[in-house]
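A.B. asks: Take this structure, written in structure tokens, and hold onto it; I'll ask about it next.
The values are calculated or read from the model by the stated rules, or taken from the named source; none is laboratory data. Quick caveat, the model's predicted, so the values are computed rather than measured. Cβ atoms come from the backbone with ideal geometry, glycine included; neighbour counts cover every protein chain shown.
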Amino acid sequence: MIWRLFKNRRRTSRKMLELVLVFITAVFMTLLIEFPFYWFGKYRDKLFVLGFLLINIATNLAVNTAIYWFVYRSSLTAGPLSLFLSNIGLEETALFVSMEITVFLIEYMVLSQLASRGTKLFLTVFFANLTSAFLGTILLWLIF
């Protein structure tokens, strides 16, 4: 009886560690994928870079927490990302797309306060987030 409880707790701890690793990896991948868009777009001001880092960390953690809350919590039998991607349906797709649109709008609103608002910034934020969403998801799926 005690061994079974310990064994289940160890399995849950392992899944939580994997979840934390997914969160950390997702944040770093987002920063690595998106930053070149801003660098080559000449958004190099220290305040802008700090804003970029903070808003991306916040939105990335929010998106991953939402995925955990709506999808992963229901089952501890698979890894968080593999569970989400293996169950892609209309609801999961709508959740993912709506979260990414929300992230794009939040990032644009915040970053437009740190740089001149315009088409260039809008397109930079749009393509940085679009690339990060799809490339990051694929890379995380391959890693985990």
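A.B. asks: Can you name the number of the only condition in (1) modelled with pLDDT under 80; (2) farther than 18 Å from Leu139 by Cβ that Gly79 fails?
C.D. replies: Among (1) modelled with pLDDT under 80; (2) farther than 18 Å from Leu139 by Cβ, Gly79 violates only (2).
A.B. asks: Also, I was wondering about something else. Could you list, in sequence order, the residues of the stretch 82-99 that are over 17 Å from the mean Cα position of the chain (by Cα) and either at pLDDT 85 or above or hydrophobic (A, V, I, L, M, F, W, C) (or both)?
C.D. replies: Selection gives Leu90 alone.
A.B. asks: Across the stretch 100-113, what is the number of residues that are surrounded by fewer than 18 Cβ atoms within 10 Å (Cβ to Cβ) and under 13 Å from the mean Cα position of the chain (by Cα)?
C.D. replies: Residues in the stretch 100-113 being surrounded by fewer than 18 Cβ atoms within 10 Å (Cβ to Cβ) and under 13 Å from the mean Cα position of the chain (by Cα): 2 in total.
A.B. asks: Counting only residues that are surrounded by 14 or more Cβ atoms within 10 Å (Cβ to Cβ) and under 20 Å from the mean Cα position of the chain (by Cα), which one in the stretch 114-126 is nearest to Leu53 (Cα to Cα)?
C.D. replies: Val125
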